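Colleague: Quick one: this structure, given as structure tokens, is what I'll be asking you about.
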Amino acid sequence: MKFRGMKCFYYFKRKSRSKGKISAPEEHSWVDTVTKFSSCSAASPRSIPELYEAKGHCLRVFSFSELKQATHGFNSLLKIGEGGFGCVYKGAIKPVDGKGEPAVVAIKKLSKNGLQGHKQWVAEVQFLGVVEHPNLVKLVGYCAVNGEREIHRLLVYEFMQNKSLEDHLFGQAFPTLSWETRLRIMLGAAEGLAYLHEGLEVQVPV
């Protein structure tokens, strides 16, 4: 499954949004890196880091223990995806206030030896932290741990309960999509691309 915002134009995307967001604590030293790291050209009116500084701090900051508990210790039975970056697990997180039902999420755990390094991880946090469109997967929050023994980088996304478009097009577990449904999917993908090109203050190459 693909979870990067620029590649996830899911017709089957769940529309509900997670509530109870909290700001990133300023005392985390790595947050300065998120704010300062730039992946945009100097010609942009406002860079992705600048946009993130303006509105990206609504992301929820998770502790590693929270996400470990949410995935039952990153149980292999809850693994829903794997790639060069690491693994993605299905998990359930409690609301910020501890009240109400847990929310089902997808948790991407960066592999220590993965293809995605720290800078790429920071860029993903910055970018998805400012993207807001119903046809793009929403980033709920993140976890960054810089310990003497272990370093952890994780991203928490809203969970795609109906699987990915790839599953519906090529998988054997779902019925064949009608041409009307395929057209609606293409229109949804086009809307997502148009947003990335024109809806953001910076132009995103896709």
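Colleague: For the range 67-85, indicate whether the set of residues that are within 27 Å of Leu200 (Cβ to Cβ) and in a helix (DSSP H, G or I) is non-empty.
Modeller: no
Colleague: Taking Gln203 as meeting all but one of (1) at pLDDT below 80; (2) farther than 25 Å from Gln126 by Cα, write down the number of the exception.
Modeller: With (1) at pLDDT below 80; (2) farther than 25 Å from Gln126 by Cα applied to Gln203, the lone miss is (2).
Colleague: Something else now. Check Val140 against each of (1) out of contact with any strand residue (DSSP E or B) (no Cβ under 8 Å at 6 or more places or on another chain); (2) under 28 Å from Gly117 (Cα atoms) and name the one condition it does not meet.
Modeller: Going through (1) out of contact with any strand residue (DSSP E or B) (no Cβ under 8 Å at 6 or more places or on another chain); (2) under 28 Å from Gly117 (Cα atoms) one by one, Val140 breaks only (1).
Colleague: Being modelled with pLDDT of 85 or more, surrounded by 11 or more Cβ atoms within 10 Å (Cβ to Cβ) and part of a loop (DSSP other than H, G, I, E, B), is that true of even one residue in the range 182-196?
Modeller: The answer is no; no qualifying residue exists.
Colleague: So, in the range 97-120, of the ones that are out of contact with any Leu (no Cβ under 6 Å at 6 or more places or on another chain) and not in a loop (DSSP other than H, G, I, E, B), which residue ends up farthest from Glu82 (Cα to Cα)?
Modeller: So the residue we want is Ala103.
Colleague: For the range 159-181, give me each residue that is more than 25 Å from Phe127 (Cβ to Cβ) and assigned to a helix (DSSP H, G or I).
Modeller: Answer for the range 159-181, where residues must be more than 25 Å from Phe127 (Cβ to Cβ) and assigned to a helix (DSSP H, G or I): His168, Leu169, Phe170, Trp179, Glu180, Thr181.
Colleague: If you scan the range 139-158, which residues turn out to be buried (at least 21 other Cβ atoms within 10 Å of the Cβ) and either of a type in the set (Ser, Thr, Tyr) or not in a strand (DSSP E or B) (or both)?
Modeller: Tyr142, Tyr157
Colleague: Which residue is nearest to Ile93 (Cα to Cα), if the candidates are limited to the range 159-176 and must be surrounded by 13 or more Cβ atoms within 10 Å (Cβ to Cβ) and out of contact with any helix residue (DSSP H, G or I) (no Cβ under 6 Å at 6 or more places or on another chain)?
Modeller: Among those residues, the one meeting the criterion is Phe159.
The values are calculated or read from the model by the stated rules, or taken from the named source; none is laboratory data. Since the model is a prediction, treat every value here as computed from it, not as a measurement. Reconstructed Cβ throughout: ideal geometry from the backbone, glycine too, with neighbour counts over all protein chains shown.
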